[in-house]
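Since the structure comes first, as structure tokens, the remarks are kept for the end.
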Amino acid sequence: MKINAAGYMMQCSARMDVLFLMDGSYSVGKGSFERCKHYTIKLSQALDIAADKVRVGVIQFGSTARLEIPLDAYSTKEELKKHLKKITYRGGSTQTGLALKYVLRKGFPSSGNSTIPRILILLSDGRSQGAVQLAASELKQTGVTLFAVGLRYPRWDELHELASAPAESHVFFAEHFQDAVNGLYTSLASSDVCSAVPPGCFVESYPCERKTLETVKELVGNFMCWKGSRTSTAYTTFCPHYKWSKKYKRHPTVCHRTICQDPCDSKPCQNGGTCVSEGLDKYRCVCPPGYGSDPHCAPALNLDCSVDVLFLVEGSAALTLEGFLRFKAFLKRFLQATMASSSPTKVGLAQFGDSVKMEARVGKHRDLQGLLAAVEAMKPVGGQALTGKALKHITMHGFPSMTVFADVFDDLPRVVVLLSATASADLVVEPAKYARDREVFLIAVGPEALKVQMNNITANPQRTLTYQTPDKLPGKIPELSAKICSIDNQGCLGQAVDLVFVLDGSDGVGRDNFVHLTDFVRSTSVQFDVNRDVAQVGLVVYGRQPVTVFELDTHDTGSAILRAVKEASYQGGAASTGSALLHVLANSLTVGRGARPGVNKAVVVLTDGSGAEDAAVPARKLRDNGVAVFAVGIGDVQTESLLKITGRVEHMVTVPFYEDLKYFEDVLVQMVCAEVKKPVELCRPSPCMNDGVCELVQRGFRCECREGWEGPHCEKRSRKRIADRGDQPKPAGMRRKEKKKSQKELKQRYRELRRRHAVRRQ
């Protein structure tokens, strides 16, 4: 790799004539001839071709020699490359001797000028027909430096005889392209023809070998053969029997190559990372799972969360020694990958069989070396795998409270990571529930075959990590790290959001299953900080028609939400999810019903998928108005139905059974939290009422109200009198007043006319 890297960087810029003598005979073949052209083109690109620098010519030979490109034909790399590609394979016998004589006569027209170095590069398989040594000697005596580059399966002995001395520095193999380029330039630099060695690089000699495929004669044995007859007696004897086979033969030699200092020589990648050089001063690290690649495979999964973690490792007799050692190796790699010196996480270690043994209490070792030593010292305790007993013991004795100040105790989240590979010999459901009821978060890691048992322990499939084969276990390090730290970020506390739950209360769900939906809403809502300034929660239930159970601003405490959700009633009838979403957009998410400008909006639809046929357009209107729409599908719901609602696969949750909804509370909360933390779009949905238009201003928004309305959100009727343009209907009260006024004026005018008429008669 170092030789190849140097070959890419080497450039030759000096005044010299370079002539390529290309073997185009039948023994080479068209495929090798094309590779020969490729080598010539690539090598030419590294030469400083110009009329006063490097001149390049090409001769092809087979039965006869032919001048393809004269030395003075082209003075740029582009022109030379273009015409090199046009050279066609000619075939014929391998008359290398005649070709060398042709070069001696016509190859270097300016041979009288000895100050210009002349380089002949012969590209051949070395299987000449006829004498070649005499012509090669005469050529070298005239001052030509002869390089021999082998093609296909070359005859190395002949190439060594043809090349200039020392042969080790003048014979190369075209198949190893960069190596051949490196060797050629190294030899030119050693002969002071040009300075091709890059700065910071050096020439190194080392033993190497060249291989070729040769036909070998082997003695198989002797057999009886007839040699003739003497008089009437036949004469027989033993004759040798040979076979001919092709075998690779090795030719030891010494190589002289330019080698540049590799940035990976200093082994910069730590923790088992593999260094890959990318030039003289650049490299990258390919790191194992759990380590970052910037810059030296340092731990990338720092447990930057304040939790108490206790690893409970199986050490029973049912687990093989190999399995126990695999868990130890996984633990050591996990700690190396995640435990930085600044990590606030406190770690403990215990193992179980028929009893529980505390290897290191939580927080005893705050340094990585102490934790690794505790893991290394673990020995299997043996006995049955009593997982249930171990969980209860750890819950009671594994997390002693630690005093921080006089009356203040360390009350960090407590996490138990169970590493087990065999089925439990006792019941696990009740002990696991005992632990969870005492706010101990359980994470289980084990093989796929124990998935059901693991889910019974964690009561949440999202906290269960399984692997198909043992070699896949190290790849779970990043996922385990994320799950441990997700405990420290439970819920969406402190995050402002207007959240509306939309429950399917149709016949497709049923009255009994509707209870599971309301329980899910109650359990999920407690993970939000419900008050007027942070999170607001609304609830809509729909069958054929949607019904608002309570608006966003109806309740300002979590306990009030819990009581109100419990009062939600089952609707029945056919489902119409589209009508429910339109209802949410037109009513629930308006300023008049409690929606707050400058706060992200989210809608969560819980449905069995029936009735979603009309949901596509209303759901798109919600999304176009900046509302994040999520869907929880229960049962055999089709993905297409949920996708009509959410518009994104990432906003969908599928639950196999209504009873399993409780396992997916954290999943939904994390999805909602991630979405509502995004920047707020003040005018989506519009905070303006009564057809007002929202306009963004420098530090917020303002509502451009239509005539007759006023207020920050166009929520009040305007008290200003609107100029009568004659094209708008007047209010009914005004019309009655004007009618009375006109009647009074008519009567008064009538009396005036009667009075005038009476005066005239007098």
### Query
Taking only DSSP H segments of four or more residues, each worth -39500 (n - 2.57), what value at 222 nm results for the chain once the sum is divided by all its residues, to the nearest 500 deg cm²/dmol?
-9000 deg cm²/dmol
### Query
Once amide H atoms are placed 1.01 Å from N in the peptide plane, what residues at a sequence separation of 5 or more from residue 549, or on another chain, have their amide H within under 5 Å of its amide H?
539, 540, 541
### Task
Can you spot the aspartates and glutamates whose alpha carbon is less than 17 Å from residue 476's alpha carbon? Ignore those fewer than 8 places along the same chain.
448
### Query
Residue by residue, what Karplus-based ³J(HN,Hα) values in Hz, rounded to whole numbers, does the range 526-536 have, using 6.51, -1.76 and 1.60 with θ = phi - 60° and x for Gly and Pro?
5, 8, 10, 7, 7, 6, 5, 9, 10, 10, 10
### Task
Please list, or write none, the lysines whose alpha carbon is within less than 29 Å of the alpha carbon of residue 744, excluding same-chain residues fewer than 8 places away.
720, 730
### Note, ³J(HN,Hα) from phi for the range 668-685, Karplus 6.51, -1.76, 1.60, rounded to Hz, x at Gly and Pro
5, 4, 5, 5, 5, 4, 4, 6, 7, 7, 6, x, 8, 9, 4, 9, 9, x
### residue 683 long-range amide H proximity, modeled H, under 5 Å
none
### Residue-by-residue Karplus 3J(HN,Hα) for the range 140-155, coefficients 6.51, -1.76, 1.60, Hz, glycine and proline x
5, 5, 7, x, 7, 8, 10, 9, 10, 10, x, 10, 6, 10, x, 8
## Note on the structure
For the range 437-512, listing trypsin sites (Lys or Arg not before Pro) in a DSSP loop whose Cβ sees at most 15 other Cβ atoms within 10 Å gives 438
### Task
Would you mind checking which residues have amide H under 5 Å from residue 509's amide H? H placed 1.01 Å from N; only 5 or more apart, or other chain.
none
### Message
Let me make sure I get this right: for the range 1-78, a, b and c are the square roots of the gyration tensor eigenvalues over alpha carbons, sorted descending. Under 1.5 in a/c it's rounded, otherwise prolate if a/b > b/c, else oblate. Which is it?
### Response
oblate
### Message
Need one number: % antiparallel among DSSP beta bridges in the chain, to the nearest 5.
### Response
40
### Query
Could you name the aspartates and glutamates in cross-link range of residue 246, using Cα to Cα under 13 Å and dropping any fewer than eight places away on the same chain?
214, 218
### Query
Taking all pairs of different Cα atoms in the chain, averaging 1/r and flipping that mean, what Kirkwood radius in angstroms comes out?
35.7
#### Entry: Greater than 22 Å apart at Cα, pairs in 42/86; 37/82; 227/247; 37/249; 42/247; 53/77
227/247; 37/249; 42/247
### Summary
By the rule of another cysteine's Cβ lying under 4.7 Å, the cysteines of the chain that fail to get a partner are 36
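No value in this document is a laboratory result; all are computed from the given coordinates. In this text the structure is predicted, and so the values were computed from the model without any measurement. Virtual Cβ from ideal backbone geometry, glycine too; neighbours counted across all protein chains shown.
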